[in-house]
Amino acid sequence: MLEKQLWHPVLDAHALRDAPIAVTLLGEPLVLWRDHGAVHAWADRCPHRGARLSLGRVLTTVNGPRLECPYHGWQFAGGAAAGQCQHVPAAPDFRPPAGHAAQVFEACERHGLVWVRLQAGADAALAEPPAFPEADDPAWRRVVCGPYAVATSAPRLVENFLDLSHFGFVHEGWLGERGHAQVQTGQVTEGAQGLRVVQARAWQPRAYAEAEGGAWIDYTYAVPHPFAAVLRKEAREGDPVRNAIALFIRPDGDGACTAWFVMATHNDPASAESLVAFQDAVFAQDRPVVESQQPKALPIGRTAPVTEVHGPADRVSSAYRRYLQRLGIALGTL
Ligand code: FES
Ligand code: CO
């Protein structure tokens, strides 16, 4: 399953402190915990009797940080021996063999989030978390919005993010106007690195902070990963404010996902709180509509239970669907 070989965001990095946290990725319960700077992602199941390790605690020992199981207190190492059981309190002289270990997955931090992959193997274009250079550029400010727990599959949310033609209806008065609903889908490039869209245009009622009225806004999109997309507004002459926004999604499995919008801003005087409040308000407009879409899994491929029809403004979403099919993402499981 390719989706297990992809890096997925699982948590806001700053939410992971000195207690373990449980998350679900692709139906797999994980425990996340922090050992000094490093992050660990393990199966949330003690190899002894199956208790959830996320109910345990992080211990500081003379041998380094360990995760203690809540049930019989077995201690599992962080650091280089990550996952290995080091101590069984009921039998302190027992030296646990190598098989007495939690299942360990790869984890890292990127763009303000913790990322995990469940299996190695994806080819070079997908062997890293998706790129978002502005978010890691010290000259830009990064603001993480979310998490948003959403009752739909990750691809439905990506399509919503790529779709300009809902602005005049779902975001009327905010991102669009019903009387200016026409859009230009732009030029779409499909390749090994995913999708790129340039010169997508939509009418916005108040396109930037100082705007007096509506204007056509040019966007570019990149889809560097099946469950991630980055939107950039084209710079306007004389406007020093630059914004880029990425949608990163954790596919929880079974028709549910968790999303973050990571904004990168340059010269934007708006406070982080107001940027988050705006994103929360916009997403609150999207949520009831995307959660109403049936089926929750994108209905593409020969085994889809229903078909959907397409209009001329759906070129980007059609390209996205082809990208998922080329990769062989198992949509029915998301
Ligand atoms: Fe974890 Fe026994 S179940 S220590
Ligand atoms: Co929307």
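The values are calculated or read from the model by the stated rules, or taken from the named source; none is laboratory data. Predicted model only: the values in this text are computed from it and were never measured. Here the Cβ is made from the backbone with ideal geometry for all residues, glycine too, and neighbour counts use every protein chain on show. Ligands, DNA and RNA are stripped out before the accessible areas are found, and what is left, the full protein with its side chains, is counted by its heavy atoms. Shrake-Rupley method; radii C 1.70, N 1.55, O 1.52, S 1.80 Å.
Points worth noting:
- Of the criteria (1) in contact (Cβ under 8 Å) with a residue 12 or more places away in the chain; (2) within 13 Å of ligand 1 (Cβ to nearest atom), which one F94 fails: (1)
- Just one of (1) of a type in the set (A, V, I, L, M); (2) farther than 24 Å from P251 by Cβ; (3) open to solvent by 70 Å² or more (accessible area, probe 1.4 Å) fails for A192. It is (2).
- P130 open to solvent by less than 60 Å² (accessible area, probe 1.4 Å), within 30 Å of R196 (Cβ to Cβ), more than 16 Å from ligand 1 (Cβ to nearest atom) and not small (G, A, S): yes
- Listed by first and then second residue, the pairs linking a residue in region 158-183 that is in contact (Cβ under 8 Å) with a residue 60 or more places away in the chain to a residue that is of a type in the set (S, T, Y) and more than 16 Å from ligand 1 (Cβ to nearest atom), with Cβ atoms under 7 Å apart and 6 or more places separating them unless they lie on different chains, are V158/Y320; E159/S317; E159/Y320; L162/Y221; L162/S317; L162/Y320; D163/S317; V183/S165.
- For region 277-297, taking the residues that are away from ligand 2 (no atom under 16 Å from the Cβ) and surrounded by 14 or more Cβ atoms within 10 Å (Cβ to Cβ), the one that is farthest from V241 (Cα to Cα) is identified as P295.
- Within region 280-298, residues that are part of a helix (DSSP H, G or I) sit with their Cβ atoms under 7 Å from residues that are away from ligand 1 (no atom under 16 Å from the Cβ) and small (G, A, S), at 6+ positions apart or across chains, in these pairs: E291/A151.
- Region 24-42, residues that are open to solvent by 10 Å² or more (accessible area, probe 1.4 Å) and at pLDDT 95 or above: T24, L26, G27, E28, P29, R34, V39, H40
- Test: V262 is buried (at least 18 other Cβ atoms within 10 Å of the Cβ), under 30 Å from D123 (Cβ atoms) and either within 16 Å of ligand 2 (Cβ to nearest atom) or assigned by the TED database to the domain that holds H111 (or both): no
- Being over 24 Å from E28 (Cα atoms) and either at pLDDT 95 or above or not assigned by the TED database to the domain that holds Y221 (or both) holds for only one residue in P288, P251, and it is P288.
- Some residue of region 52-60 being in a loop (DSSP other than H, G, I, E, B), in the same structural domain as Q103 (by the TED database) and within 16 Å of ligand 1 (Cβ to nearest atom): yes
- Test: residue in region 265-283 that is under 23 Å from P226 (Cα atoms) and in contact with an Asp or Glu (Cβ under 9 Å, 6 or more places away or on another chain): no
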